[in-house]
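Here the structure comes first, spelled out in structure tokens, and everything after it is commentary.
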Amino acid sequence: MKQIFQNLKSGVAEALELPTPKCMPGTVLVQTEVSLISPGTERMLADFGRAGWISKARQQPDKVKQVLQKMRTDGVEATVQAVFSKLDQPLPVGYSNVGTVVEVGEGVTRFRVGDRVVSNGYHAELVVVPENLCASIPEGVSGVEAAFTVLGAIALQGVRLAEPTLGETFCVSGLGLIGLLTAQILQANGCRVIGLDVSAERVQMAESFGITALHVEGSEDPTERVLAANSGFEVDGVLITANTSSNGPITTAPRMTRKRGRIVLVGVVGLTLDRTAFFQKEITFQVSCSYGPGRYDEGYEKKGLDYPRGYVRWTEQRNFQAVLELLRSQRLSVQELLTEEIAFGRAEEAYDRILSDGTGYGFLFRYRENVSLQEPRVEVKRDLSLLPQQHREVGDKIGFIGAGGYARAKLLPAFRAAGASFSGIVSRTGQGSADLARKFHFAFHATEPTEVFRDPTTRAVVIATRHDSHAALVQQALLAGKDVFVEKPLALNREELLELRDVAGKHSDQALIVGFNRRFSPLALQMKQLISDRAEPVSFQMMINAGAIPHDHWTQNAAEGGGRVVGELCHFVDFAHFLVDAPVSQVEAVACGEGGMSDTVSVVLRFKDGSVGSLNYFANGHKAIPKERIELFTGGKVLQLENFRVLTGHGFPNFRKMRLWKQDKGQQKQAEAVLAVFRREKEFRETSFGDPFQSMETTFAVAEALSRHQ
């Protein structure tokens, strides 16, 4: 099946061939009938992509600050690579989809196969949508009409926040698609509407709906004209639905609004507010959040947790249903707003044309009636001339499971540079894997890991999925006879680890490697070499300025990410094992804050050879400080490693300092070592991988020590 993506680096839209997305619990699989382009949001993304680097920077000043900070800590080259990798990820577009349910996931109760639904699904022939983001289309509402539902819900939520009452007068600033939907909904509430726009064409369209519409010239202040149109009175409220960088709409809105009136921002405008204007009239100002309550709430949208109707009357799904009822009762008219209907086969050329043109209202993609649901994987047509000669023949290849940011930015480039040849790549939705399959010359991409496990050309598997899937996928790969490289952590708890140890023991002829890459950093290897002849224990301290992550982020969830101790501190536990090269005999750990903050902790490790070290993993620091600083003491000598860029020695007769041009945490050297093991060019024991089970056991001991002090 095909899906439209937008490239934020170039601004070009393209249709990629994807396998059928997997219908997960709590979701429905929908075959698309039509989908509506949102001119405002989607044009904004396209314009950003087409803009030059300076323009992109001006549009995202906060991101620029982050980039400059990263340059100071990680180096220019590493930062540029990270930025390019982020911008080069294709972005799925579209959020107004109409179709028929063809599969229902476990736990779904509101929908059945054959139901016609509207959702915020992408521009794609098949979409998987959570139950709370769908609504059933009532009899009498056509697919074309229903396609305007999601944008109608955006308009409706703005109107709800404005709290209109019968007989009030509202000004709608911006008469694009959402502006005209907003005006009609206000009319359905018994309000009089005065519309403003810089386009004479839009003004004329608004007048056809019975709206008093005013054509605003450039930077004109329309206040007096609005008051004149309202019999000399100020309006009860203003809904700003414009899409402009100008401060004009937010500057003039309070001037035309009565005392204690309401202003609601639905669109995107400059936000330099005149406090005096709001203060003197005690005007209420509010920003509307998309479709309504539930938007961006993972519990509501992804986990299907609905808000009680008695406490939250209008959720985003209920707003969908309300718009559909307005369409059914013909109190909302959208047929006049349909500018063009386009066959989805012409989507690429039409998409760029529509977003470049800037005129018109509703542009609809119409899809083919029958789409195959039996597409577990998609073969990629590869240009063999782009591959090294030694990799053109079918041989031992590597499959990837997971196509997220780390796989894209770090793992795949490292394995490609090491000379790997790839078989298949898997992602849950197929979106990320489709793009990476082309860029890294995979033979196929799929949504099911079994496609890689049963592929005869695949010798080894790289697992780079979310943490909670690691242990199960490693087991499946080993049982399928594949070598395995898995990103940390290897497991989320001792039970998973014990089960994995048992399976790995029965498949000892297969490699199992965990992505503890720091031990392969050139500076880490130099440290190890410098203390290789030590005759006494070492002491060390690691200062990790980890930075804060929201507590609702998936990595903080114990069941999904394991928390930051299990999910990330394990890196530094393993690095401690690498430096000391001895088992741990004692673990102590305390967390900062009352009740114990699990992401700001101090850990003390004692090793059986007498060595001792502290790991300070802090999430409450400042980004200007390097993220990782390690100091090691032994035999009257000291080594200081700063952010894996600079290593300084004190007391070493033939070593003072080693500096790298860019930060190097060892991903490239690790990939080379992994390939050597996969190809049986080296035995596992000849490498520096260490014992991942030992490192994970120590990590779990840290987590248990923290729990004892909570």
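At a glance:
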read-out: Charge context of Gly174, other residues only, Cβ under 12 angstrom, K/R +1, D/E -1; value: 0
read-out: Zone residues, segment 286-306, relative to Asn493, backbone N less than 11 Å from point 7 Å out along Cα-to-Cβ; value: none
read-out: Separation of the Glu282 and Glu139 label points, Cα + 7 Å toward Cβ, nm; value: 5.1
read-out: Burial ranking of peptide ranges 524-535, 249-260 (average Cβ count within 10 Å, highest at the top); value: 249-260, 524-535
read-out: Computed label-point distance, nm, for sites Arg679 and Leu166 using a 7 Å Cα→Cβ extension; value: 8.1
read-out: Coil-residue trypsin sites (Lys or Arg not before Pro) of segment 612-673, DSSP, other Cβ within 10 Å capped at 12; value: Arg656
read-out: Net charge contributed by nearby residues that have their C-beta within less than 11 Å of Lys482 (K/R +1, D/E -1); value: 0
read-out: Exposure proxy ranking, count of Cβ atoms within 10 Å, fewest first, for Val580, Val118, Val426, Val603; value: Val580, Val603, Val426, Val118
read-out: Cα long-axis angle, helix 177-188 against the chain (0 to 90 degrees, to the nearest 10); value: 50
read-out: Spin-label pair Ser614/Ala417, simplified geometry with 7 Å Cα→Cβ offset, distance in nm; value: 3.5
read-out: Sequence of Trp554, Trp314, Trp661 once ranked by neighbouring C-beta atoms within 10 Å, starting from the fewest; value: Trp661, Trp554, Trp314
read-out: Listed peptides 153-160, 410-417 by packing density, highest first (mean Cβ within 10 Å); value: 153-160, 410-417
read-out: Two-decimal Rg to Rh for segment 151-287 - Kirkwood Rh, Cα set; value: 0.91
read-out: Residues listed by number, segment 434-476, amide nitrogen under 11 Å from Tyr406 label point at 7 Å toward C-beta; value: 463-468, 470
read-out: Potential extension, Ala343-Glu224 segment - 0.36 nm per residue separation minus Cα distance; value: 38.3 nm
read-out: Separation of alpha-carbon centers, segment 89-156 and segment 193-209, rounded to whole Å; value: 30
read-out: Semi-axis lengths (Å, descending) of the ellipsoid that matches the C-alpha gyration tensor of the chain; value: 53, 31, 23
read-out: Spatial separation of Cα centroids for segment 240-315 and segment 650-693, in angstrom; value: 53
read-out: Angle between the chain longest axis and helix 316-328 axis [Cα atoms, degrees, rounded to 10]; value: 30
read-out: Structure-based [θ]222 nm, the chain - -39500 (n - 2.57) summed over DSSP H runs of at least 4, per residue, nearest 500; value: -9000 deg cm²/dmol
read-out: Given the chain, longest segment not containing exposed loop GluC sites (Glu not before Pro) (DSSP; at most 13 other Cβ within 10 Å); value: 394-593
read-out: Gain in span if fully extended, Asp274 to Glu369, counting 0.36 nm per residue against the direct Cα distance; value: 28.9 nm
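Here, each number is a calculation from the coordinates, and none is a lab measurement. Predicted, not measured: the structure shown is a model, and the values here were computed from it. A quick note on method: Cβ atoms are made from the backbone with ideal geometry, for glycine too, and the neighbour counts reach across all protein chains shown.
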